Amino acid sequence: MVNRKEKKSCGQVVEEWKEFVWNPRTHQFMGRTGSSWAFILLFYFVFYGFLTAMFTLTMWVLLQTVSDHTPKYQDRLATPGLMIRPKTENLDVIVNVSDTESWDQHVQKLNKFLEAYNDSIQAQKNDVCRPGRYYEQPDNGVLNYPKRACQFNRTQLGDCSGLGDPTHYGYSTGQPCVFIKMNRVINFYAGANQSMNVTCAGKRDEDAENLGGFVMFPANGHIDLMYFPYYGKQFHVNYTQPLVAVKFLNVTPNVEVNVECRINAANIATDDERDKFAGRVAFKLRINKT
Amino acid sequence: MKDIQNSGKEDGQEKSSRGRKDTCWNRKKNRQKQEIKEEPDLDDHKLSSEDLEKKYGTNIVAGLSSARAAELLVRDGPNALSPPKETPEIIKFLKQMVGGFSILLWFGAILCWIAYGIQYSHDPSSSLDNVYLGAVLAVVVILTGMFAYYQEAKSTNIMAGFSKMIPRQALVIRDAEKKTIPAEQLVVGDIVEIKGGDQIPADLRLLSSQGCKVDNSSLTGESEPQGRSCECTHDNPLETKNIGFYSTTCLEGTATGMVINTGDRTVIGQIASLASGVGNEKTPIAIEIEHFVHIVAGVAVSLGITFFIIAVSMKYPVLDSIIFLIGIIVANVPEGLLATVTVALSLTAKRMAKKNCLVKNLEAVETLGSTSIICSDKTGTLTQNRMTVAHLWFDNRIFVADTSEDHSNQMFDQSSGTWASLAKIITLCNRAEFKTGQESVPIMKKIVVGDASETALLKFSEVIVGDVMEIRKRNRKEMEAPINNTLYPACSILSLLQLSIHETDDPDDNRFLVVMKGAPERILEKCSTIMINGQEQPLDESSAEAFHTAYMELGGLGERVLGFCHLYLPAEEFPETYSFDTDAMNFPTSNLCFVGLLSLIDPPRSTVPDAVAKCRSAGIKVIMVTGDHPITAKAIARSVGIISANSETAEDIAKRLNIAVEQVNKRDAKAAVVTGMELKDMSSEQLDEILANHSEIVFARTSPQQKLIIVEGCQRQDAVVAVTGDGVNDSPALKKADIGIAMGIAGSDAAKNAADMVLLDDNFASIVTGVEEGRLIFDNLKKTIAYTLTKNIAELCPFLIYIVLGLPLPIGTITILFIDLGTDIIPSVALAYEKAESDIMNQKPRHKKEDRLVNRPLAIYSYLHIGLMQSLGAFVVYFTVYAQEGFRPGFLIGLRVDWEKDMNDLEDSYGQEWTRYQRQYQEWTGYTAFFVAIMVQQIADLIIRKTRRNSIFQQGLFRNKVIWVGIASQIIIALILSYGLGSVTALNLTMLRPQYWFVAVPFAALIWVYDEVRKFYIRRYPGGWWDMNMYY
């Protein structure tokens, strides 16, 4: 059979293609006549129109099942994660003291990040709440909207507030501030009515040595219950999450230091094997001094 | 086998090769494919013994010297058939590893490793996911390859049958001494002695012969013994009587011959190399699967490359683009399909084996279904391969004998006195005997010592008259003599008259009875009277006329006619003590009394006519190709319906209209009988014309080479050709055919080895079953493939959407493999159990170039209709899972970059923040949801694929129980994967909320309803728009 296969010359192939694209005898374009094309296109137009409608309908039904304000399920967010600011790639805070540019971007980011915490803005938008207890705003049958948020003033961050600070959060002096924040989770009563705080430490022994001393703002890395629960960005429009600033005072220069901060709260587990950021955050700190 | 010295092709190459006759040895050593089809080229039969001695440098009396023989042995090699070149097993194995989709998957696996390499060079601690994925893909390829290799390894080797025929020892004269040497050591020029029972050890030119008869059936397929003598009786070496062929059997007598060809150069050796030289054609289903692989691979590669380019131009990193490419390939390739097809085919093969069709080559299962021409050998396939008495003529009347397999009801009138005399002659004038110790065996199955005609007569008389051996004992044989006919050359069975003289069993009658049988016209010559109604009457003009009419009529039926006569010797002249002498011929051999005629035929098997009719209604053309005489062939063809009752050949028309054959318009003749001689002079165009214009064709007197040419001619008509046969002579054609079918009982080993299928019960009717099964499996494979292809779109769309819209990846590569190799496998096999939708045996066979396994409507309908619906359904589930966890559909678009970043406070639609791992888990939940959605919709897909035209409710939802096993398996596997193994991170699956299993159900229902609508319109408007565009 092999020898029966006629080898087509290039010209024939081109010719066949031409005829396929436009056959002048049968007036067929790509194997179909004009009316045939019209009909098939009409069919697909209707068919796909119908499918689109069907898809839209089911999506609409789906959207009916979810509320605008709170997600239907939150099982994945049982343990909120921790995160640091400045946000850097691979979570390493590298500061070349002499090289302004190396930390200037961190400073810019922090400035922007902390803007919302300015006392003036906080005073203007948020309430002064009673510390030590949850600031609950139940709907009680009527939508209680928008919900109020509690003030977290930038000044609470003390030396790390960056206000009137010539050291730029300590970056220019090699004593950088790193801000720890806990991920927002709607209706999460962090701490289960007991006070909670953030602690930091070197990951290994040598890290602890290299890390040196640090101070935390608010003191002891305390996070107050009044910032919880969070009601979602629709309701809790001006919510500013509580922060803990850590100022590292005398990190051994020119060494990479692994720092781990975790939250001590009754209802937040910090030992999830798989999720390295559940209730804790690990980052690298390196101060380069010449 | 007449005049087939040279090939039928009159081209230039042919002529030039004829000119080089003398150098044929050299030529044959390196013959090309074209030359293989030539006929054996010999002229030794025409040479005198002196010339032969000169030619081969030997001495007829003393034989070769041992030294010379050793020299020749070195030159020519041993007298054995050379085994075919075998592909090493490892090559076969590796071929399986790179065939089909394997290349694509290897490519995917290598891309995975490259991707890891790139990752590693950036970040040595990067995850090994891609390495694992690559390994999984490689394992999939290797396992599929091993599976296919195992299937292929089962098929057997063709040469084995030929080597079994090699005779072991030969009695040779060397150095003027008789020696027994292994037959492999024979060389040309050796003088060999053979005797009854021997296999002929090489091609021999006979130098002397004493009553030698050979059975050439292994060569020609005809089991009629042929006499051998030392005269050249025919120009054609295959027809002449003075050549004995390698591997044929000497039945009786002795002969001396000179070896003229050994090993592969013998006639049988040439046929053997012809069979192994014929390339294995790709089976139609292999071509279809290749076609389908090309389509899918084409889609995969072009989509892959398109989206690779899109991804790169969308500023995706190259690494990401490579991973997209892998995903697209894996999604596109139905990894489990080829294994599924193999399983489906082997299921059918098993089913056929139960019905006595043993399939050696799995793919051949389908070939029979697409067969459009069956070239059937006559002897042993269509007929019983047993001479049987078909008609009797006595008292001026023709009687029909029962020729069915058991001779059960002989209906003719047995009261006439003529019959009594005839029966006596039949019983007595017969040398055949039953082998002893077969008392319990039915008569027709008893083994007989004797030639075919005598066997037929013996069994015939045993059935009608009773214990033949007893009758013979009572009519003791005084003398027996073959009477040679001086007019004809010796050895011809038909010209031989057989005479014996017996005492009679009547104690009062002491006359001797002379009984004689032989060729009717010769018997008549010896007679002066004829017996009518038990009375002897003078043989006058009118009774001679009646005899000739009957003789012509029976001969015209293709039957071999024998005449019978007897004579009671007067007791006065021949007293009891009279001593008869064969040599002196001291008894009368003329003026006998003519009693009657018997005609013998190898009758058709009783199941054949029905099977032929069924083939015909299934649109299959049945062609008879036989080595037998045209008249016999035509008669059998008529009786089995290969030439139907009302159709005529050109010759018939000529006879009816009383005009010359040339004047007949060839188009008027539906039937044609073509002999090998005519075929020889035909160009391939003329052969094509015959094959195209006649619906009922018989080829008679064909050689193995011509059988090959006929098969090729049929294949040129784009037909799928099945060849049935049993002899060695059929084996090249069996091999060449798209499907070779050998007879299991009567078939020679060579034929069985060359064949793709063996009919264990030798029943031609089993072919019909095979055709039905083959057609069914083709339809069902279509369904399987349509089912499997559909979900490819649902697997592919996620990647495309992921690239273009930047959603978090809806389904992972590993998850796709879980569908392709997990949930989908059993359901797609289950479709192989589906019953036929309509009467498939009343449809034409599929056209091998037009009715493809995977055609455009199938691809479009699977991909763009059902596949798209599945994708939409799966996406709805995906969006549901994300939306209910906090990522609303609109929010997802473009989220991909941040989603995949190592960012641990990604905000969702509600302002909540997610860590990387939390998102990862969510992504796996998405995979699981997408997986479950596809699975749920594949259930609907499976149900709709049960039929292509009929409504599911016509087909019966519950008739095929295996489908439900398939559905159950899908659900159970999915449940296990989600709930049982959901906690194994490597699988990327999670425990899914129960309600998500039902989200895609509306789409599943839509698929079912839509398909019912499609089928409704196809049934309602056959040939209409839906039928044209939507029927696959």
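Miscellaneous remarks
- Neighbour net charge for B:PHE412 - beta-carbon separation under 11 angstrom, K R +1, D E -1: -2
- Amide H contacts for A:VAL93 (H built 1.01 Å from N in the peptide plane; partners 5 or more residues away or on another chain; cut-off under 5 Å): A:LYS284, A:LEU285, A:ARG286.
- Span-rule helices in chain A, defined as complete DSSP H runs reaching 20 Å or more along the axis (Cα) with Kyte mean at least -1.0: A:34-65
- The GluC sites (Glu not before Pro) of the range B:562-654 meeting both criteria, a DSSP state outside H, G, I, E and B (loop) and at most 16 other C-beta atoms within 10 angstrom of the site's C-beta, are B:GLU572, B:GLU573, B:GLU576.
- Legend: ranking of residues B:CYS714, A:CYS10 from fewest to most surrounding C-beta atoms inside 10 Å; resulting order A:CYS10, B:CYS714.
- Here the range A:134-222 is assigned +1 on the Cβ of each Lys and Arg and -1 on the Cβ of each Asp and Glu. Its dipole about the Cα centre then comes out at about 400 debye.
- Peptide B:916-924 is shielded by partner chain Cβ atoms: per residue, an average of 4 of them sit within 10 Å of its Cβ.
- Helix B:417-428 and the longest principal axis of the Cα set of chain B meet at an angle near 80°.
- Residue-wise HN-Hα coupling along the range A:75-90, computed from phi with Karplus coefficients 6.51, -1.76, 1.60 (Hz; x: Gly, Pro): 4, 6, 10, 4, 10, x, x, 10, 8, 10, 10, x, 7, 10, 5, 6
- Charge dipole (the range B:860-1010, unit charges on Cβ, about Cα centre) - positive-most of B:GLN954, B:SER862, B:GLY894: B:GLN954
- Chain A - percent relative contact order, Cα under 8 Å, separation 6 or more: 23 percent
- Shape category assigned to chain B from the gyration tensor of Cα positions, a/c cut at 1.5: prolate
- In summary, the range B:955-1032 shows an alpha-carbon radius of gyration equal to 1.59 times the 2.2 N^0.38 Å reference for compact globular proteins.
- Using the Cα coordinates of the range B:807-955, the gyration tensor eigenvalues translate into equivalent-ellipsoid semi-axes of 42, 14, 13 Å, sorted from longest to shortest.
- Residue-count net charge about B:MET552 - beta-carbon cut-off 13 Å; Lys, Arg +1, Asp, Glu -1: -4
- Packing-based ranking of B:445-456, B:1019-1030 yields B:445-456, B:1019-1030, ordered from highest to lowest mean Cβ neighbour count within 10 Å.
- Coupling constants for the range A:241-253 follow from the phi torsions by the Karplus curve (6.51 cos²θ - 1.76 cosθ + 1.60, θ = phi - 60°), and in residue order they are 6, x, 10, 10, 9, 10, 10, 8, 8, 9, 6, 4, x Hz; glycine and proline get x.
- Degrees separating the helix B:684-693 axis from the principal Cα axis of chain B, which is the longest one: 80 degrees
- Principal-axis tilt of helix B:765-805 within chain B, Cα atoms, nearest 10 degrees: 20 degrees
- Size of electric dipole in the range B:693-796: Cβ of Lys, Arg +1 and of Asp, Glu -1, about Cα centre, debye, nearest 20: 280 debye
- Taking every alpha-carbon pair under 8 Å whose residues sit at least 6 apart, chain B reaches a relative contact order of 12 percent.
- With a cut-off of 13 Å between beta carbons, the residues surrounding A:GLN241 carry a summed charge of 0, where Lys and Arg count +1 and Asp and Glu -1.
- Peptide-level mean, for A:43-56, of C-beta atoms on other protein chains within 10 Å: 3
- Per-residue ellipticity at 222 nm computed for chain B from its helices equals -14000 deg cm²/dmol, with DSSP H segments shorter than 4 residues left out and the rest contributing -39,500 (n - 2.57).
- The dipole here belongs to the range B:522-614: it is taken about the Cα centre, uses +1 on the Cβ of Lys and Arg and -1 on the Cβ of Asp and Glu, and is about 560 debye.
- Here the Karplus curve 6.51 cos²θ - 1.76 cosθ + 1.60, taken at θ = phi - 60°, turns the phi angles of the range B:943-957 into couplings of 5, 5, 6, 4, 10, 10, 10, 6, 5, 4, 6, 6, 6, x, 5 Hz, with x standing for Gly and Pro.
- In plain terms, the residue of B:THR577, B:THR403, B:THR348, A:THR56 with the fewest other Cβ atoms within 10 Å comes first and the most crowded comes last, giving B:THR577, A:THR56, B:THR403, B:THR348.
- Fewest-first sequence of A:TRP22, B:TRP924, B:TRP964, A:TRP103 by Cβ atoms within 10 Å of each Cβ: A:TRP22, B:TRP964, B:TRP924, A:TRP103
- The protein assembly as shown: equivalent-ellipsoid semi-axes (sqrt of 5 x gyration tensor eigenvalues, Cα, Å): 93, 33, 26
- Dipole of the range A:1-98, positive end: most advanced residue of A:ASN96, A:MET30, A:ILE40 [Cβ charges, Cα centre]: A:MET30
None of the figures in this text is laboratory data; all of them are computed from the coordinates on show. None of the values given here were measured: they were computed from a predicted structure. Glycine also receives a Cβ, built like all others from the backbone with ideal geometry; neighbour counts cover every protein chain displayed.
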